[in-house]
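J.: Mind having a look at this structure? Questions to follow.
Bear in mind these aren't lab numbers, they're just calculated from the coordinates by the rules spelled out. Remember, it's a predicted structure, so these values are computed and weren't measured experimentally. Counting neighbours? That spans all protein chains shown, and the Cβs are built from the backbone with ideal geometry, glycine included.
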Amino acid sequence: MNKFCKNCSIDPDSHCFKKVSDKDIVIYYTKPGASKMYKDKEGILEHIDNMLKINKKKWICVVDGDDFDVRHATEFDTGMGIIDLLANKYLPTLIEIKIINPSWHIKSVIKFAKTWMEPEIFNKFKVLKDRRRSILEFI
């Protein structure tokens, strides 16, 4: 039973935000392209918030851009909700957001987000685009 949100307790693939390492620094992994319920803004925010509020350590989020396409990019309101949640609640412990395997859709969303995002959070984004990457490199 998933304790982070009601949708993931029914289907664990509803949202994709998982803790993959809990050493000195906690590492979370998300692959939005693998989420079955990518249109579930409230559920996604609940899931992320419930996972992060039990963490008291510094943390990094690895965002995997594989399979992220136009249907995910058009859920801009969800992305803004996530950024708002991070900026207003979890920024003091966030080290960075590493984006691996970025699709051109993710690059476009980040470029657009730069126009309204506070520099304090925008500067936490690091797009790693020189080659294909695996989450195993970060844990």
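J.: Mind giving me the FRET efficiency for residue 112 and residue 49? R0 is 30 Å, r the Cβ-Cβ distance, nearest 0.05 is fine.
T.: 0.80
J.: Would you mind counting up the charge near residue 102? Only other residues with Cβ under 13 Å from its Cβ, with Lys and Arg at +1 and Asp and Glu at -1.
T.: Here the count lands on +4.
J.: Name the residues of region 90-125 whose amide N is less than 15 Å from a point 7 angstrom out from the Cα of residue 76 along the C-beta direction?
T.: 105-117
J.: Let me ask something else. Taking a ≥ b ≥ c as the square roots of the Cα gyration tensor eigenvalues, with a/c under 1.5 meaning rounded and otherwise prolate when a/b beats b/c, else oblate, which class fits region 6-137?
T.: rounded
J.: Could you derive backbone 3J(HN,Hα) for region 109-124 from the dihedral phi with the Karplus parameters 6.51, -1.76 and 1.60 (θ = phi - 60°), listing whole Hz in sequence and x where the residue is Gly or Pro?
T.: Listing the rounded values in order: 4, 5, 4, 5, 4, 4, 5, 10, 7, 5, x, 4, 8, 4, 5, 7 Hz.
J.: Further question on the same structure: Enumerate the calculated ³J(HN,Hα) couplings along region 92-108 in order (Karplus 6.51 cos²θ - 1.76 cosθ + 1.60, θ = phi - 60°), each rounded to whole Hz, writing x wherever the residue is Gly or Pro.
T.: Coupling constants for region 92-108: x, 9, 6, 7, 6, 10, 8, 9, 9, 6, x, 7, 5, 5, 5, 4, 5 Hz.
J.: Report the gain in length on full extension from residue 18 to residue 41: 0.36 nm times residue separation, minus Cα-Cα distance, nm rounded to one decimal.
T.: 6.6 nm
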